[in-house]
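Visitor: Let me begin by handing over the structure; questions about it come next.
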Amino acid sequence: MIGAFYQPRLVVCDLATLDSLPLRELSAGLAEVIKYGPIADTNFMDWLESSMEALLARERSALAHAVRRSCEIKAWVVSQDEKETGLRAILNFGHTFGHAIEAGMGYGVWLHGEGVAAGMVMAAELSCRLGLVDAAFVERLTALIARAGLPTKGPVLDVTDNAGRYLELMRIDKKSEGGEIRFVLIDGPGKAVVRAAPDALVREVIDACCV
């Protein structure tokens, strides 16, 4: 369990500011909280499943725990990879597909968290098709994302070659290396790995996960 006992030096967060957010913005923010479960802490994922309604209702104790645990995990990851040479990349779970959605739709049409949410489902499905995680876990993550009020299907970016458009946009993303797309994948519940995947398989995932 990543960062189970790690204590950040100091993080100040005024939870009252969350009261000013429209529900859509709150849900979008929760995408960045949800990502920590599948990549680092299945106990946190369990807690999110039991606490989603409380989070959406902005209950202070629930928000405080979500923020605290997210900070603990992120701080631990960053402290292990201060120069961004490897491990920190796992914090981009869902972002490779998500950034393509944002760019393809036009920035602001989908909120960042909405793109990441659909991107997490795509990344989980790709993980499943690579044999890294089972279908039940993908279904579990998808259900949690939906309960947060977030999209679980990506948009169609090009009616003639949707998968091709996604691949094009992902290849120019800052996280690609020499044109090779690097995905953050679930390497078993609570673990993540960064690796490439065959274009043909990525195309299958995009076709299955877009509406």
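Visitor: Give me the tail of P(r) for the chain as a percent: Cα-Cα pairs with distance above 26 Å.
Guide: More than 26 Å apart: 32 percent of the Cα pairs in the chain.
Visitor: Anything over 18 Å Cα to Cα? Flag those among K83/K191; K74/K153; K35/K74, in the order listed.
Guide: K83/K191; K74/K153
Visitor: Ok, one more. Trypsin sites (Lys or Arg not before Pro) within the stretch 110-198: which are DSSP loop residues with at most 12 other Cβ atoms inside 10 Å?
Guide: Counting only loop positions with at most 12 other Cβ atoms within 10 Å, the trypsin sites (Lys or Arg not before Pro) in the stretch 110-198 are K174.
Visitor: Still on this structure, I have one more. Over all Cα pairs of the stretch 60-166, how is the pair count split among 10 Å bins, expressed in % and running from 0 up to the last occupied bin?
Guide: Taking every Cα pair in the stretch 60-166, the percentages come to 14, 34, 39, 11, 1.
Visitor: Let's test the formula: R0 of 35 Å, r as the Cβ-Cβ distance of T160 and V193. What FRET efficiency results, to the nearest 0.05?
Guide: E between T160 and V193, to the nearest 0.05, is 0.60.
Visitor: With springs only between Cα atoms under 10 Å apart, run a GNM on the chain and tell me which of H95, H65, H112 wobbles the most.
Guide: Between H95, H65, H112, it is H65 that shows the largest mean-square fluctuation.
Visitor: For the chain, what is the relative contact order in percent, using Cα pairs closer than 8 Å and at least 6 residues apart in sequence?
Guide: It comes to 24 percent, rounded to a whole number.
Visitor: Determine the gain in length on full extension of the stretch D81-A136; use 0.36 nm per residue of separation and subtract their C-alpha separation, reporting nm with one decimal.
Guide: Taking 0.36 nm per residue and subtracting the Cα distance, the gain is 16.7 nm.
Visitor: Tell me, what ³J(HN,Hα) does each residue in the stretch 159-169 have, in order and in whole Hz, if you take phi through Karplus 6.51 cos²θ - 1.76 cosθ + 1.60 with θ = phi - 60° and put x for Gly and Pro?
Guide: 6, 8, 8, 4, 4, x, 5, 4, 4, 4, 5
Visitor: Additional query: Under 1.5 on a/c is rounded, so check that first for the stretch 80-142, then, if it is not, pick prolate when a/b is larger than b/c and oblate when it is not; a ≥ b ≥ c are the square roots of the alpha carbon gyration tensor eigenvalues.
Guide: Oblate, since a/c reaches 1.5 and b/c is not below a/b.
Visitor: Can you list the HN-Hα couplings for the stretch 43-56, worked out from phi with the Karplus curve (6.51, -1.76, 1.60; θ = phi - 60°), rounded to whole Hz and with x for Gly and Pro?
Guide: 3J(HN,Hα) across the stretch 43-56, in whole Hz: 5, 5, 5, 4, 5, 4, 4, 8, 10, 4, 5, 5, 5, 5.
Visitor: Want the number for V67 to A143: 0.36 nm per residue separation, take away the alpha-carbon distance, what's left?
Guide: 25.2 nm
Visitor: Using a Förster distance of 35 Å, how high is the FRET efficiency between A200 and R60, based on the Cβ-Cβ distance and rounded to 0.05?
Guide: The calculated FRET efficiency here is 0.15.
Visitor: So, one more: Taking all pairs of distinct Cα atoms, average 1/r, flip it, and tell me the Kirkwood hydrodynamic radius of the stretch 10-121 in Å to one decimal place.
Guide: After inverting the pairwise mean of 1/r, the radius is 14.8 Å.
Visitor: When ranked by the protection proxy of mean other Cβ atoms within 10 Å per residue, highest first, what sequence do the peptides 96-106, 81-91 form?
Guide: Descending packing order for the listed peptides: 96-106, 81-91.
Visitor: If R₀ is 25 angstrom, what is the calculated FRET efficiency for the pair D14 and W47, using the beta carbon separation as r and rounding to 0.05?
Guide: Efficiency at R0 = 25 Å is approximately 0.65.
Visitor: Tell me what the chain gives for mean residue ellipticity at 222 nm when only DSSP H runs of n ≥ 4 count, each as -39,500 (n - 2.57), the sum divided by the residue total, rounded to 500 deg cm²/dmol.
Guide: So the calculated ellipticity at 222 nm is -17500 deg cm²/dmol.
None of the figures in this text is laboratory data; all of them are computed from the coordinates on show. Just so it is clear, the model here is predicted, and its values are computed rather than measured. Because the Cβ atoms are built from the backbone with ideal geometry, glycine has one as well, and the counts that use them run over all protein chains shown.
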